[in-house]
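S.K.: Structure below; questions to follow.
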Ligand code: TRP
């Protein structure tokens, strides 16, 4: 794939390579860990509906905008805005993206580290399953067993830190040594395997007694839940859509800069968004039936998936093999995402601040390392970081669509989207309508609401 710095700029070598890399960035813990628990906390089906609308009407246009910016400028997010809008302040969006990258990478890699803990634990649980006596336990006892384990793991200090540092090291190592090439090749094989495994889980989960309720929860919009907390639900759906698609931060500006001119940016964006959304929904179909069958609270929070998955695995014949493969693939899916976030910081450091790629990577990895350690020891810190994408990413996305809709000359984005006339880009007017009006207005409105609602939760008096 890419090796920035001196000489010729690298590019993805094939159409599938582009999609694999962008989908590799998009598909990760956001789909399997964050999506189910955020949906669970926000009432289920109604959240899903809003989420899907945001993906289609806002997410895809933002993604296309990022690709257009990256590919026309051939630079990191900060450099790209400087090049396309010289002497203007637009490059501050790029800087906002770099700041967001630090924050997101810190808590995200902490959760990525949990996959390693569960990789090890799943072997232990399955080997000792007779001694633990899963077969004699009722659902309630099984659930308590795994939630107790989660609690004691997360409240410990060393294990979460060590797993986090290991993931951080892998991420830095992959980015600096340029073995992303190899990673992409693996990703092409392993991501479909992850999909198959998820489908196996769906089948198992649906065969549990009482599981139908889970499907109803996921797919049947219950609008009375929205009425209870409309602002929270809508903001979190928007934030999750941005988070899951890896947009609003410049990741896809950076990746866009490595896409060859003849590639069709619109079909790439649509393919990535569809794949990402499918994985999230299928993860939901694996999780929620088991959640209801075992009487787990769907609004449980960030531990939801890490309790539910082991519960499903211990109920399967050959559970060990499934669990082991699953957490390995999840770890891999997380890595293809973490490298895409680190890449933003490294591309910025090396291209704008004139560092070598190696120095840039070490500096970025070490500083994110410190932030992440704080996240592992302080649940409060972790919570704030984990909630921040809901506002940071839409903010970035707002300026990105504003830039394409109102600043960049129309023929430039049209030229980029049609790859200089190779493609017809018949959707162009719809695209412009979305990036000029729909997306900026919707994001601005929701962002304002989101800030307001956070301010009144912090200072209840203002709200009266
Ligand atoms: N989208 C990834 C996931 O769902 C996480 C991620 C990677 C990301 N790069 C990003 C999120 C850039 C926001 C911005 O797991």
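S.K.: Give me the extension gain from residue 199 to residue 387: residue separation times 0.36 nm, minus the current Cα-Cα distance, reported in nm with one decimal.
M.R.: 64.8 nm
S.K.: With label points built 7 Å along Cα→Cβ from the Cα atoms of residue 461 and residue 354, find their separation and express it in nm.
M.R.: Each label point is offset 7 Å from its Cα along the Cβ direction, giving 5.2 nm.
S.K.: Something else about it: Using the per-residue mean of other Cβ atoms lying within 10 Å as a proxy for protection, in what order, highest first, do the peptides 109-115, 263-269 fall?
M.R.: So the order, starting with the most tightly packed, is 109-115, 263-269.
S.K.: How far apart, in nanometres, would the label points at residue 267 and residue 137 be if each is projected 7 angstrom from Cα along the Cα-to-Cβ direction?
M.R.: Output for this residue pair reads 5.0 nm.
S.K.: What ranking of 138, 390, 276 emerges when the number of other C-beta atoms within 10 Å of each C-beta is taken as an exposure proxy, fewest first?
M.R.: Listed from fewest to most nearby Cβ atoms, that is 138, 390, 276.
S.K.: On to the next question. Can you sort 103, 157, 345 by how many other beta carbons sit within 10 Å, fewest first?
M.R.: If I rank by nearby Cβ atoms, fewest first, I get 157, 103, 345.
S.K.: How high is the relative contact order of the chain, given as a whole-number percent (alpha carbon pairs under 8 Å, six or more residues apart)?
M.R.: 35 percent
S.K.: Quickly rank 359-369, 329-339 as a protection proxy: mean count of other C-beta atoms within 10 Å, highest first.
M.R.: 329-339, 359-369
S.K.: For residue 155 and residue 227, calculate 0.36 nm times their separation in residues minus their Cα-Cα distance, and state this gained length in nm to one decimal.
M.R.: Between residue 155 and residue 227, full extension yields an extra 22.4 nm.
S.K.: What's the FRET efficiency of residue 438 with residue 92 using the Cβ-Cβ distance as r and R₀ = 22 Å, to the nearest 0.05?
M.R.: Given R0 = 22 Å and the Cβ-Cβ separation, E is 0.40.
S.K.: Determine by what factor the alpha-carbon radius of gyration of the chain differs from 2.2 N^0.38 Å, reporting the quotient.
M.R.: My calculation over the Cα atoms of the chain gives 0.96.
S.K.: Most exposed first by the Cβ proxy, i.e. fewest other Cβ within 10 Å, how do 91, 140 rank?
M.R.: Ordered by Cβ neighbours within 10 Å, fewest first: 140, 91.
We did not get these values from a lab; they are worked out from the coordinates using the rules stated. Predicted model, so just to flag it, every value in this text is computed and none were measured. FYI the Cβ positions are ideal-geometry reconstructions off the backbone, even for glycines, and counts take in every protein chain you see.
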